[in-house]
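Q: Here's a structure for you.
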Amino acid sequence: MKKPKLFKSLFCIFFIVSWPLCAGEIISLASPDSNIIINVEIKPKLEPYPVGNRIYFSVLYKGQPVITDSPFGLDFKNMPPIARDLVVKDKKFSSTDLTWETVVGKSRAVVDRCNELVLFLQETKPPQRLLNLVFRAYNDGAAFRYQLPEQAAFQDFKLTSERTEFHFAGDCDVWAANYGSYATHQETEFPRGKVSGIKPGDIIGCPLLVRVNENTWAALTEANLYDWAGLYFTGTGYYPNAVVSTLSPRIDEPDVLVISKTPRFSPWRTIMIGDKPGDLIESDIILNLSEPCKIEDTSWIVPGRSAWDRWWCGSYAPDYDGELKVDNPSMKYFIDFAAEMGWEYQLVDWFWYGDPFLDDYWSNPVGDITKSLPEIDIPELVQYGKKKNVKILLWLEWSHANAQMDEAFPLYEKWGVAGVKVDFMARDDQEMVNFYHRLTEKAAQYHLTVDFHGAYKPTGMRRTWPNLLTREGVLGNEYNKWSDRITLEHTVILPFTRMLAGPMDFTPGGFRNKTAETFRAVGGDAPGPFVMGTRTRQLAMMVVYESQLQVLCDSPYNYRVSPAGLDFLKIVPTTWDETKVINGEVGDYITIARRSGRDWFVGSMTDSSARTLQIPLAFLGPGKFTAIIYQDPPEADDYPDRLQKREQTVTAKDIITANLASGGGFVMCLKPVK
């Protein structure tokens with residue numbers, strides 16, 4: 001597999017000579033299909049106090065307001081803000097129409113079609129600094145970013161606030177993750193509320209899902225985050241139906257967000273827009289706003305499924321001859337199972353180079369990641385796995401990786417390690433964002449894939465560095481070890497919220513299934529944690545949840561002793577050529593169809609309500625297909641670990657009826673009849 005190709009391109013530019021934009025005059029930018037209109041206007045307005053002429057933007061979708069008049073502002077340390085008394089000196093329109101290929105992802109071919117407007121602004125009062133605003137209108141959303149040109153009056157700067165506001169026409173429903181802090185693993189729920197309920201001081205993460213009206217959905221997030229601070233939202237304090245941007249502060253200078261110099265672009269402030277929430281899942285706007293792939297030869301990047309050592313499932317393994325622990329024989333137990341399943345990877349998690357419960361493990365800036373415990377021999381595990389076609393992934397604590405990646409990564413390549421899982425960052429300030437990029441680039445240099453845990457949300461970096469297969473930043477299955485937070489509702493909210501940003505390492509595949517009423521948290525070295533919902537629900541997560549590395553959470557013993565559905569985990573891919581959302585309501589249910597080659601995989605999940613869903617197969621191509629169907633049995637309420645399997649021949653004209661139990665699921669593999 002080589003670097004992604006551009007299939008077709010068209011790029012047009014026209015210029016308009018220098019001119020001032022008068023107050024009240026509107027500049028408009030339309031999407032290629034004309035459904036999305038961005039309007040930009042200079043006018044005086046009270047915010048709650050006189051502010052003079054300011055620039056406001058608004059966004060319409062099919063003639064209805066998504067964002068109403070919303071102002072901008074950038075504040076700096078030791079210099080005046082840039083917010084008012086700006087004049088438009090020039091404007092430039094351009095269009096892009098091209099198709100490019102992903103290396104791994106939810107779709108192979110990505111259409112990048114948009115119209116762009118650049119406004120060249122200058123302050124009318126000293127120091128008369130220059131600022132450009134760049135807008136793009138796609139068929140699936142709108143985006144803008146700040147450009148700070150190189151100029152004598154504005155060179156080195158320290159950004160202290162980005163006051164980008166998003167005003168809504170009414171008190172919209174929102175699904176908002178309030179992290180309460182910038183120091184966060186971004187692992188929490190997305191409860192439903194009102195935009196007016198977001199108060200000043202709240203720290204609301206991306207994406208922020210908004211139900212604008214009966215026929216319009218939007219999500220606020222960011223794209224192409226590089227050498228900048230991560231984006232959040234908070235209340236304005238004076239406009240009830242609005243949020244304003246707030247960025248993660250630096251550790252070394254807490255009153256500063258970004259230290260940089262001109263010329264600089266900010267990340268894209270992105271508004272995903274669609275008729276229904278499933279449209280946002282299909283959107284490629286975040287990838288299209290990100291930098292193209294920088295890896296020349298991508299043939300070594302392998303998506304896939306991974307077995308996971310005893311971290312999640314504990315040491316309970318009656319079919320293992322001995323005690324599961326951190327040593328090579330125990331790791332080989334998992335490698336053997338991965339080989340048995342045809343999975344691509346085995347994850348060697350923490351403890352392999354030290355005990356994280358020892359005080360000096362965390363305080364020592366270099367917990368040596370080039371040396372394993374005496375009980376672990378990584379090169380020997382790599383060779384053992386190689387004979388069985390199973391690659392080895394290694395867990396790393398982030399500060400240790402930061403200190404030693406230059407030494408460790410070439411060593412890992414020499415050993416034959418395939419990738420790293422980097423953990424516990426729990427920040428997205430400017431320095432940490434740069435660490436993500438530095439590590440991923442260094443990993444690519446030595447042919448290592450990357451999985452970030454304790455991570456912030458995706459922002460499109462996987463396009464630039466496709467060796468970044470997935471990341472956490474999600475309240476996932478691991479929480480079943482100690483809590484009841486992985487509820488049936490939470491798991492059908494995630495596709496419409498966190499997953500809009502990109503792949504998420506939820507670690508599905510729990511085979512100790514319980515109903516919501518019988519579930520209890522089980523950790524330690526017990527037989528392994530329970531998961532809430534039916535067996536087919538856990539199978540459906542493999543289709544519904546996007547992750548190019550799917551780490552299956554349960555133990556070989558639990559899979560073997562209760563194998564219903566295990567055959568599905570042998571065949572389901574993790575990267576796709578096409579994705580379609582068939583139906584869904586946030587927090588209620590969802591059905592997603594994904595294509596790999598000519599095979600289609602369909603996954604449905606429901607909340608605590610049993611449902612019957614109609615799944616039209618119009619997405620299939622011509623000809624007949626064999627549908628291999630896994631569904632909840634009638635007794636699923638009493639025996640959620642059971643399923644029914646059947647086959648039937650179908651065509652694109654057929655409609656499949658899927659009966660889902662409470663907390664249930666449905667999966668289907670469709671293969672062309674030869």
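Q: Can you put PHE144, PHE435 in order of Cβ neighbours within 10 angstrom, beginning with the fewest?
A: Fewest-to-most Cβ neighbours within 10 Å comes out as PHE435, PHE144.
Q: So what is the calculated 222 nm ellipticity per residue for the chain, using -39500 (n - 2.57) for each DSSP H run with n of 4 or more, over all residues, to the nearest 500 deg cm²/dmol?
A: Dividing the helical sum by the residues of the chain leaves -4500 deg cm²/dmol.
Q: Then there is this: Taking N as the number of residues in the chain, what is its alpha-carbon radius of gyration divided by 2.2 N^0.38 Å?
A: Normalised Cα radius of gyration, the chain: 0.97.
Q: Right, next: At a 10 Å Cβ-Cβ cut-off, how would you order LYS514, LYS106, fewest neighbours first?
A: Lowest count first: LYS514, LYS106.
Q: Are there GluC sites (Glu not before Pro) in region 568-674 that DSSP marks as loop and that have at most 13 other Cβ atoms within 10 Å, and which are they?
A: GLU635
Q: Would you mind giving the average projected area, over all directions, of the Cα convex hull of region 293-473 in nm² with one decimal?
A: With the hull built on Cα positions only, its mean projection is 10.4 nm².
Q: 5 Å is the cut-off here: which amide hydrogens, built 1.01 Å from N in the peptide plane, fall below it relative to LYS45, excluding neighbours closer than 5 in sequence?
A: For LYS45, whose amide H was placed from the backbone, the distant partners under 5 Å are VAL51, GLY52, ARG54.
Q: Okay, next question. Might you report the magnitude of the Cβ-based charge dipole of region 531-674 about its Cα centre, with Lys and Arg at +1 and Asp and Glu at -1, to the nearest 20 debye?
A: 640 debye
Q: Quick one: which residues, 5+ away or cross-chain, put their amide H under 5 Å from the amide H of ARG129? H built at 1.01 Å from N.
A: The answer is GLU123.
Q: Measuring from a point 7 Å past the Cα of ALA618 along Cα-to-C-beta, which residues in region 257-282 have an amide N at less than 18 Å?
A: 275-280, 282
Q: Quick check for me: using +1 on Lys/Arg Cβ and -1 on Asp/Glu Cβ, what's the dipole size of the chain about its Cα centre, in debye to the nearest 20?
A: Its charge dipole is roughly 1900 debye.
Q: Using alpha carbons only, how many angstrom separate the centre of region 227-295 from the centre of region 117-190?
A: Spelled out, the Cα-based centre of one part sits 7 Å from the other.
Q: Quick one: check the C-alpha center-to-center distance for region 553-577 versus region 621-674, whole angstrom.
A: 16 Å
Q: Using the 10 angstrom Cβ neighbour count as an exposure proxy, how do SER248, SER107 rank, fewest first?
A: Least crowded to most crowded, the residues run SER107, SER248.
Q: Now for a different question. At ASN215 and ILE251, where each label point lies 7 Å from the Cα along Cα→Cβ, what is the point-to-point distance in nanometres?
A: Using points 7 Å along Cα→Cβ, the separation is 5.0 nm.
Q: Summarise the long-distance tail of P(r) for region 6-288 by giving the % of C-alpha pairs beyond 31 Å.
A: 26 percent
Q: For the pair PHE357 and ARG438, how long in nm is the line joining their label points, each one 7 Å along Cα→Cβ?
A: Those two pseudo-labels are separated by 3.3 nm.
Q: Quick one: go through region 494-531 and flag any residue whose amide nitrogen is under 14 Å from the point 7 Å out along the Cα-to-Cβ line of ASP637.
A: Label zone hits: 515-518.
Q: I've got another one for you. Between ASP227 and residues 5 or more places away or on another chain, which pairs have amide H atoms under 5 Å apart, with H built 1.01 Å from N, and which residues are they?
A: When sequence neighbours closer than 5 places are left aside, the close amide H contacts are ASN434.
Q: Also: Excluding residues on the same chain fewer than 8 positions from LYS442, give the lysines whose Cα lies under 16 Å from its Cα.
A: The qualifying lysines are LYS294, LYS414, LYS421.
Q: If I model a spin label at ASN583 and ASP279 as a point 7 Å from the Cα along the Cα→Cβ vector, what separation in nanometres do I get?
A: 2.0 nm
Q: Only Lys, Arg, Asp and Glu count, each charged at its Cβ (+1, +1, -1, -1), so figure out the dipole size of region 293-473 about its Cα centre, rounded to 20 debye.
A: For region 293-473, the charge dipole is close to 760 debye.
Q: Ordered by residue, what ³J(HN,Hα) values in Hz, to whole numbers, does region 114-129 give under the Karplus form 6.51 cos²θ - 1.76 cosθ + 1.60, where θ = phi - 60° and Gly and Pro are x?
A: Per-residue couplings from phi come out as 7, 10, 10, 10, 10, 9, 9, 10, 8, 5, 7, 10, x, x, 6, 6 Hz.
Quick note: the coordinates plus some simple rules give every number you see, no bench work behind them. In this text, all values refer to a predicted model and were calculated from it rather than measured experimentally. As a convention, Cβ positions derive from the backbone with ideal geometry for all residues, glycine included, and neighbour counts pool all protein chains shown.
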